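A short worksheet on the structure shown next.
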Amino acid sequence: MKYVYTLQEGGKRMTSLLGEKGANLAEMTAMGIPVPPGFVATTDACAYFLRTGNLPEECEAQIKGRLPYLEDLAGKKLGETLTVSVRYGAKVSMPGIMESILNAGLNDETVKNLAREGGDNFAYDSYARLIKTFGVVILGMAPEKFLPSGSAKRDCDAFKKAIEKEKRRFPQDPEEQILECVRGIFRSWNSQKAVDYRKNNAIDNAMGTACMVQAMVYGNLAGSGTGVCFSRDPSTGKKKLYGEFISRRQGEDLVSGRLTPQPLESMKRSFLSAYAELGTIASLLESRCRDMQYMEFTVEKGRLYVLEAATAKRAVQAAVRAAVEMAEEGFITREEAIMRVNPYEADALLRKTIDATASKIVIIRGTGAAPGAASGEIATDPKKAAELAATGRKIILVRKETSPDDIPAMAVCQGMAAATGGATSHAVVIARGMGKPCVIGADMSVDYETGTVSAGAAVLKEGDTVTVDGSTGEIFAGEVPMKEPSASNEFETLLSWCDSFASMKVLANADTPKDAEKALKLGARGIGLCRTEHMFFGERLPMMQRMIIDDDKTGALDAMLEFQKQDFIVMFKAMNGLPVTVRLLDPPLHEFLPDADKLTQEIAALRKEDKDTIQEEKILENVSALREKNPMMGLRGCRLGIVFPEIYRMQTKAIIDAALETGASPEIMVPMISSWKEMEHVKKIIDDAAQDFMTKQKRWANYSVGATIELPRACITAERIAEHAAFFSFGTNDLTQATYGFSRDDAEKKFFTKYFKDGILEENPFATIDRHGVGALMRIAIEKGKRKGLKIGVCGEHGGDPFSIEFFNSLGIDYVSCSPYRIPAARLAAAQAAIRKKGISS
Ligand code: ADP
Ligand code: MG
């Protein structure tokens, strides 16, 4: 079995076997890009090792057998001057989550040879690093055992002693070192940090890592340095070489976030030709891979070596701009551009931004490293930050340096700031991918003991609120006013492409004219759900209560008719010919009345003061009469309209009146239909009221009547319901509730956590549609509805969930309707679903 591939044998397609790092380096080697020679032990070897605790014998032999090859290509010999790095690398990149070992091959003798080449400092510094990483990564010792003393030579002795005392003698034989490192890398696949990261990012545990042995090049020599670069700006997507560089350092120093590097342009001073070559390689790789690139590189005595390249992780803002520009450059197709943006990240594109006109005080300045703005309380300890955030507090993590160790805390905080570390360090690369605003190189000092942050004269404590702007690098005191978000030009462009590919339309759930306007701005193609009950709250509530309580409802109904009509006029006008679906009153009436206990107390208080309580008692009587054991299954939806037809008559009149005034063709939706008889009955109430009104007016409006499908029985008997309906709209929230029998108000609090933990539920069915149960019912109803030529939509929360949208598209639904801010993500998801479907069928 072949367990080892040289970089000359491998290629880009071998990521499963060689890891992304190995496969890409092999590809670059083939392209003639300068890459130090090396070979890769495969993920198969890793799997074997994790199973048995040993390397396969053949693998060990193959590694040993490839060492002379490496010596040949490098022109140096192990045990003399050749040193190697031993690097992890899985199919999916996990930057900074595991650790690679540099400078293997150094021992008490070879370090002297290295010293002759580059001086004592350089040689012993490199050796000390090897011993330390060997202790920490391979032997699992605590990093505190390896604190530098200021003299690298002394450190080497001290570190070796520390290892010998706690574990074993530090191996002097280069070959033994290399094999030990390979085993250590494989073992670290299952380190706690790696396991946690994979769990949080849904990365398969079974995939394992490959392990590369590669000749070292030294960035810590004179005339040398190391850096990271992106082919486009990872925060904005702007097309321009972007990156950072440090002279006389090894790459680890930069990506770990311990040191603050210089901008890439600083290379122009002493490394002009390497800088130019980097630009050439970046565009070469971009056109080869057809996407934005990330590169780690080292310059050794003026010569450039690429040590890693991959598709760049980027902020979603950058993903959008790069995708649109690449499509416009003719580099990729519009479909590809659409597929490059993750719809679950799209909401970050609509986050509020700092209001430039608001008065605010900058207390700290740094470099903006991940876009977006966020406010929160300062916390300097990642563990505490995560705990506070878990209780719902908004936290800004403030650190001395950026470290991959802080990633779990970053994930739950609003944003972060650090004094040192660059914008290309691994921790920041990940923060950017997570959409967390981030300021680095901030001009401040952080004291972990006291939890204080000082910047100039200002001293901030943990718990103080600040606002970070990850685009400008400014940190402000307190919570700074934000302005309403709007989509960038590139995002608008992308969304307009989306609409041309999507087969489903995206409509809005909007109950007020203000929502309708917002929805239009965000690209809604109509209103799929206007919940009329939301028009009865606020100052209109007393009127609604009178309607419920009064025996003669005429007065209250007349007043409400006027309100409703005016609302509909504004809505219809705003939508200017786009479809508007109005749902008749749905919730149980007691929701509009005050709470019985409170009312009883009020009455008692009034009596004490000898005041009249007739009105209150009447309300209480009604509240008690309307109270139900199971209000969710009670007198609501069309049942309400059947028991109190005057309510639906009033609503119909208001809708038709507004339609006559505006020329709209409203779609009237009846909630909670469970049988065709209900549908037939309510449709007649609506039609009679409409005809009656229009005959009196001698003017005619187009309208249609449809059913909300939100009960299992409606799905099963959809065929007959369809005979009386012009459209179906799935109320997936209630349908999920009724299908599972889970209360959507209580289930999450009461037992979902346990269900998730025990693996009974994988996802919250109220957020992501349950394809097997609820979805199967939908399929039945859709098939029956389609046969009768009905228009079919979804108006539940699921209508804004990308994963659910993919499923709805496969069912052949005509539109989804969701709350205004979810519209852009839904448009994106709808287009992606259509493109994927086309890809599968063609
Ligand atoms: P990570 O994924 O954590 O960046 P790497 O395997 O890329 O781990 O190693 C970290 C850093 O070590 C790299 O950025 C690079 O600068 C340095 N490095 C790795 N291999 C070599 C090598 N052969 N020569 C010089 N530096 C190396
Ligand atoms: Mg790397």
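The values are calculated or read from the model by the stated rules, or taken from the named source; none is laboratory data. Source: prediction; values computed, not measured. Using ideal geometry, Cβ is built from the backbone for each residue, glycine included, and neighbour counts are taken over all protein chains shown. The accessibility values were calculated without ligands, DNA or RNA, using every heavy atom of the protein model including side chains. Shrake-Rupley method; radii C 1.70, N 1.55, O 1.52, S 1.80 Å.
If I ask for residues that are within 13 Å of ligand 2 (Cβ to nearest atom) and among the charged types (D, E, K, R), which ones from segment 70-117 would you list?
Listed by number, the residues that qualify are R87, E99.
Say whether the condition of being surrounded by fewer than 22 Cβ atoms within 10 Å (Cβ to Cβ), at pLDDT 95 or above and touching a Gly at 6+ places or on another chain (Cβ under 6 Å) is met by at least one residue in segment 42-54.
Yes.
For residues in segment 518-532 being open to solvent by less than 10 Å² (accessible area, probe 1.4 Å) and closer than 22 Å to D586 by Cα, which is farthest from the chain's Cα centre (by Cα)?
By that ranking, first place goes to T532.
In segment 238-274, what count of residues is obtained for those that are crowded, with 18+ Cβ neighbours inside 10 Å and farther than 23 Å from G96 by Cα?
3
If you take the residues in segment 435-473 that are part of a strand (DSSP E or B) and hydroxyl-bearing (S, T, Y), which one is surrounded by the most Cβ atoms within 10 Å (Cβ to Cβ)?
Of everything passing the filter in segment 435-473, T467 is surrounded by the most Cβ atoms within 10 Å (Cβ to Cβ).
Just a yes or no: is a residue in segment 555-567 crowded, with 20+ Cβ neighbours inside 10 Å and in contact with a Cys (Cβ under 7 Å, 6 or more places away or on another chain)?
No: segment 555-567 contains no residue that is crowded, with 20+ Cβ neighbours inside 10 Å and in contact with a Cys (Cβ under 7 Å, 6 or more places away or on another chain).
Count, please, the residues in segment 377-393 that happen to be open to solvent by less than 20 Å² (accessible area, probe 1.4 Å) and either hydroxyl-bearing (S, T, Y) or assigned to a helix (DSSP H, G or I) (or both).
Going through segment 377-393 one residue at a time, the tally reaches 3.
Can you tell me which of I642, I655 is β-branched (V, I, T) and open to solvent by less than 10 Å² (accessible area, probe 1.4 Å)?
Just one listed residue meets the conditions, I655.
Restricting to segment 394-434, count the residues that are surrounded by fewer than 24 Cβ atoms within 10 Å (Cβ to Cβ) and touching an Asp or Glu at 6+ places or on another chain (Cβ under 6 Å).
The total comes to 1.
Might you check whether a residue that is without any contact (Cβ under 8 Å) to a residue 60 or more places away in the chain, touching a Ser or Thr at 6+ places or on another chain (Cβ under 7 Å) and hydrophobic (A, V, I, L, M, F, W, C) occurs anywhere in segment 243-255?
Among the residues of segment 243-255, at least one is without any contact (Cβ under 8 Å) to a residue 60 or more places away in the chain, touching a Ser or Thr at 6+ places or on another chain (Cβ under 7 Å) and hydrophobic (A, V, I, L, M, F, W, C), which makes the answer yes.
The rows are residues; the columns are (1) in contact with a strand residue (DSSP E or B) (Cβ under 9 Å, 6 or more places away or on another chain); (2) open to solvent by less than 70 Å² (accessible area, probe 1.4 Å).
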{"residue": "N121", "(1), (2)": "no, no"}
{"residue": "I138", "(1), (2)": "yes, yes"}
{"residue": "P148", "(1), (2)": "no, no"}
{"residue": "K153", "(1), (2)": "no, no"}
{"residue": "F159", "(1), (2)": "no, yes"}
{"residue": "A162", "(1), (2)": "no, yes"}
{"residue": "P174", "(1), (2)": "yes, yes"}
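Which condition breaks for C181 when tested against (1) at pLDDT below 95; (2) crowded, with 16+ Cβ neighbours inside 10 Å?
(1)
If a residue must be within 30 Å of E462 (Cα to Cα) and surrounded by fewer than 24 Cβ atoms within 10 Å (Cβ to Cβ), how many such residues does segment 475-517 contain?
10
Quick grid of which residues meet (1) of a type in the set (A, V, I, L, M); (2) modelled with pLDDT under 95:
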site	(1), (2)
A348	yes, yes
R351	no, yes
I354	yes, yes
K360	no, yes
I363	yes, yes
A369	yes, yes
G372	no, yes
T380	no, no
T391	no, yes
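Given the residues I614, I647, which is the only one that is open to solvent by less than 70 Å² (accessible area, probe 1.4 Å) and of a type outside the set (F, W, Y)?
Being open to solvent by less than 70 Å² (accessible area, probe 1.4 Å) and of a type outside the set (F, W, Y) holds for just one of I614, I647, which is I647.
Determine if segment 198-210 includes at least one residue that is within 16 Å of ligand 2 (Cβ to nearest atom), farther than 18 Å from T420 by Cα and assigned to a loop (DSSP other than H, G, I, E, B).
Within segment 198-210, not a single residue is within 16 Å of ligand 2 (Cβ to nearest atom), farther than 18 Å from T420 by Cα and assigned to a loop (DSSP other than H, G, I, E, B).
Condition first: in contact with a Cys (Cβ under 9 Å, 6 or more places away or on another chain), β-branched (V, I, T) and in a loop (DSSP other than H, G, I, E, B). Now tell me which residues in segment 394-425 satisfy that.
T402, T424
In segment 567-588, how many residues are closer than 21 Å to L557 by Cα and touching a Lys or Arg at 6+ places or on another chain (Cβ under 8 Å)?
Of the residues in segment 567-588, 4 are closer than 21 Å to L557 by Cα and touching a Lys or Arg at 6+ places or on another chain (Cβ under 8 Å).
Scan segment 343-363 residue by residue and report those that are part of a loop (DSSP other than H, G, I, E, B) and surrounded by 17 or more Cβ atoms within 10 Å (Cβ to Cβ).
Passing the criteria: only K360.
Restrict the check to segment 611-624 and report whether at least one residue is within 24 Å of L557 (Cα to Cα) and either at pLDDT 90 or above or touching a Cys at 6+ places or on another chain (Cβ under 9 Å) (or both).
No: segment 611-624 contains no residue that is within 24 Å of L557 (Cα to Cα) and either at pLDDT 90 or above or touching a Cys at 6+ places or on another chain (Cβ under 9 Å) (or both).
Kindly evaluate I185 against the criterion of being within 16 Å of ligand 2 (Cβ to nearest atom) and touching a residue at least 40 places away in the same chain (Cβ under 8 Å).
The answer is yes for I185.
Quick one: how many residues across segment 220-247 are within 30 Å of Y69 (Cβ to Cβ) and either hydroxyl-bearing (S, T, Y) or more than 13 Å from ligand 2 (Cβ to nearest atom) (or both)?
7
Run down S445, S471 and say which single residue is touching a residue at least 24 places away in the same chain (Cβ under 8 Å), polar (S, T, N, Q) and touching a Pro at 6+ places or on another chain (Cβ under 6 Å).
One residue alone meets the criteria, S471.
Just to verify a result, which residue in segment 412-444, among those that are within 15 Å of ligand 2 (Cβ to nearest atom) and of a type in the set (A, V, I, L, M), is farthest from R232 (Cα to Cα)?
A427
Got a sec? Which of D558, D567 is touching a Pro at 6+ places or on another chain (Cβ under 9 Å) and closer than 30 Å to G706 by Cβ?
D567
Scan segment 14-41 residue by residue and report those that are under 21 Å from A206 (Cα atoms), more than 16 Å from ligand 2 (Cβ to nearest atom) and crowded, with 24+ Cβ neighbours inside 10 Å.
A41
Looking only at segment 288-309, count every residue that is within 14 Å of ligand 1 (Cβ to nearest atom) and open to solvent by less than 10 Å² (accessible area, probe 1.4 Å) and tell me the total.
7
Consider F134 carefully, then state whether it is at pLDDT below 95, within 16 Å of ligand 1 (Cβ to nearest atom) and of a type in the set (F, W, Y).
no
Please verify whether G150 is farther than 25 Å from T209 by Cβ and within 16 Å of ligand 1 (Cβ to nearest atom), treating the condition exactly as stated.
So G150 fails the test.
Inside segment 255-272, can you point out the residues that are more than 16 Å from ligand 2 (Cβ to nearest atom) and in contact with an Asp or Glu (Cβ under 8 Å, 6 or more places away or on another chain)?
Passing the criteria: Q262, P263, L264.
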